[in-house]
Amino acid sequence: MLPTCYPYTPASVFQALSTRMPKALGQENRLTKALAARTRPEPLLDLTGTNPTTAGLVHPDDVFALLGDPGSRLYEPEPRGRLEAREAVARYYASHGVPAQASRILLSASSSETYSWLFKLLAGPGETVLVPAPSYPLLDALAGLEAVRLERYRLPEEDGWAFHAGAVEEKLDELAHRGQRVAAVVVVNPNNPTGTGISRGEATALLDLAARHGFGVISDEVFADDVRARPRDGVAVLAGLESDALVFSLGGLSKTLVLPQLKLGFLLASGPAPLLAAALERLEWIADTFLSVGTPVQRALPQLLARRLQLKAPLTRRLATNLGALRSTFGAGSPVSVLPCHAGWSAVLRVPRRESEEELVLSLLEKQDVLAQPGYFYEFPHEAFLVLSLVTEPATFAEGLARISNALA
Ligand SMILES: Cc1ncc(COP(=O)(O)O)c(C=O)c1O
């Protein structure tokens with residue numbers, strides 16, 4: 001029988017389909033519309049792309065030859081991931097100074113998938129997960145798809161957007177007054193787009209809160225290998241700390257080896273023994289439901305990770321070149337300031353607020369043929385910021401910066 005809302009109208013679609021997707025799905029924002037309608041013949045200088053493989057950063061053929069292991073003809077699924085692949089991830093953590101047994105490591109198809117597994121593991125439908133602001137915009141979609149509510153805690157601007165456990169505690173208190181339990185707290189370490197990390201003291205304070213309140217900690221460390229200046233007491237891997245909390249550190253090949261197309265993520269779990277064992281057993285069950293990681297990439301993983309520094313070098317050079325261009329374009333006396341870019345693949349410009357961020361990015365597109373992201377995409381608490389991708393091809397990046405500088409002079 002057809003549902004009562006047939007024939008479907010845009011409104012009745014909402015009755016027929018789940019509410020896990022945004023209501024505004026398909027309603028483009030002004031920037032996307034302007035981009036789609038763009039007819040100017042001048043080439044577009046896109047300063048937002050984060051796909052290294054379309055920005056001239058493609059690894060040589062011998063890297064992809066590693067995926068041709070004849071063993072991949074067999075399908076021998078292992079829900080947690082092949083042991084030798086997990087052991088290779090354990091060696092990766094050892095290189096960060098963290099002893100990590102393969103039994104605490106799981107493989108997934110990407111960090112995004114790891115998030116979805118952890119939300120399923122830690123939060124029931126309608127339960128609350130705390131995420132930082134400003135931070136990575138995909139967290140809203142990942143939470144929505146798991147029917148999990150997001151609440152944001154602040155990364156204080158007055159302390160350079162650094163993580164403060166006190167901001168999490170404030171939010172916990174506020175939610176407790178409203179009768180809401182927090183199932184998990186996400187930290188993005190280093191954060192996207194601000195590049196800020198987490199200090200040992202603040203990490204310990206967060207894990208203490210987690211143990212006392214009984215929430216899980218999800219530490220997104222996909223940019224852990226892209227740190228240019230860590231605070232002296234900075235912590236790279238939260239799951240490497242001694243604590244009574246359940247903690248998951250997330251990483252993946254898209255950032256660590258600049259190989260997003262291989263689709264492999266990993267997590268390292270830590271926590272008090274009985275809780276950790278129960279969490280790993282349940283994660284294995286979730287992973288077994290999907291068995292999403294391909295065999296060729298798992299077989300190639302030990303050799304790929306062994307070449308990490310070599311594979312990362314061209315991207316690291318690219319980031320350094322583009323950071324140099326930022327420094328020389330927006331030096332002393334410029335009305336634009338560049339937030340310290342201590343880590344990650346993004347740069348944030350603080351720009352004079354003569355118009356809204358939206359008006360600014362539209363005018364850059366329409367008058368300068370430059371595409372930049374507005375800060376509000378990342379939930380900055382006020383305007384005006386622009387977010388640029390340091391992965392951009394350097395000639396495009398330098399020319400784009402020159403035009404932004406002229407437009408804002
Ligand atoms: C902070 C952060 N976490 C996770 C991801 C997703 O990574 P993956 O490709 O492993 O899903 C990204 C991608 O840009 C990111 O910026």
Ranked list, fewest to most other Cβ atoms within 10 Å of each Cβ, for Phe64, Phe248, Phe330: Phe64, Phe330, Phe248
Size of electric dipole in the stretch 76-306: Cβ of Lys, Arg +1 and of Asp, Glu -1, about Cα centre, debye, nearest 20: 380
Among Lys263, Lys23, rank each residue by its count of other Cβ atoms within 10 Å, from fewest to most, as a rough exposure measure. Lys23, Lys263
If you take the charge dipole of the chain about its Cα centre, with +1 on Lys and Arg Cβ and -1 on Asp and Glu Cβ, which of Gly324, Val258, Leu66 is farthest toward its positive end? Leu66
Extension gain from Glu242 to Leu44, taking 0.36 nm per residue of separation minus the Cα-Cα distance: 66.3 nm
Go through the stretch 44-59 residue by residue and turn each phi into a ³J(HN,Hα) via Karplus (6.51, -1.76, 1.60, θ = phi - 60°); whole Hz please, and just put x for glycine and proline. 7, 9, 8, 9, 10, x, 10, 8, x, 6, 10, 10, x, 10, 10, 6
Take the residue pairs Lys120/Lys312; Lys171/Lys263; Lys120/Lys171 and return only those whose Cα atoms are more than 29 Å apart. Lys120/Lys312; Lys171/Lys263
Where the only charges are on Cβ atoms (+1 Lys, Arg; -1 Asp, Glu), what is the dipole of the stretch 61-201 about its Cα centre, to the nearest 20 debye? 360
Obtain the nm distance between the two label points defined at Ala147 and Ala24 by a simple spin-label model: each point lies 7 Å from its Cα along the Cα-to-C-beta direction. 2.5
For the chain, rounded, prolate or oblate, judged on the Cα gyration tensor with a ≥ b ≥ c (square roots of eigenvalues), a/c < 1.5 rounded, else prolate if a/b > b/c? rounded
For Ser337, project a label point 7 Å along Cα to C-beta. Then give me every residue of the stretch 188-203 with its amide nitrogen under 19 Å of that point. 193-197
A correct Karplus calculation of ³J(HN,Hα) over the stretch 23-30, with 6.51 cos²θ - 1.76 cosθ + 1.60, θ = phi - 60°, whole Hz and x for Gly and Pro, returns 4, 8, 4, x, 8, 6, 7, 4
Given Cα pairs under 8 Å that are at least 6 residues apart, what percent is the relative contact order of the chain? 22
Compute the length gained on full extension between Ala16 and Thr54: take 0.36 nm times their separation in residues and subtract their Cα-Cα distance, giving the result in nm to one decimal. 9.9 nm
Considering only the stretch 76-306, percent of DSSP beta bridges that pair antiparallel, nearest 5: 40
When Thr194, Thr295, Thr256 are ordered from fewest to most other Cβ atoms inside 10 Å of their Cβ, what list results? Thr295, Thr256, Thr194
Check each of the trypsin sites (Lys or Arg not before Pro) in the stretch 160-196 and keep only those in coil by DSSP with at most 14 other C-beta atoms within 10 angstrom; list them in order. Arg178, Arg181
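Bear in mind that the values in this text are calculations on the coordinates, not laboratory data. In this text, all values refer to a predicted model and were calculated from it rather than measured experimentally. Neighbour counts run over all protein chains shown; Cβ positions are idealised from the backbone, glycine included.
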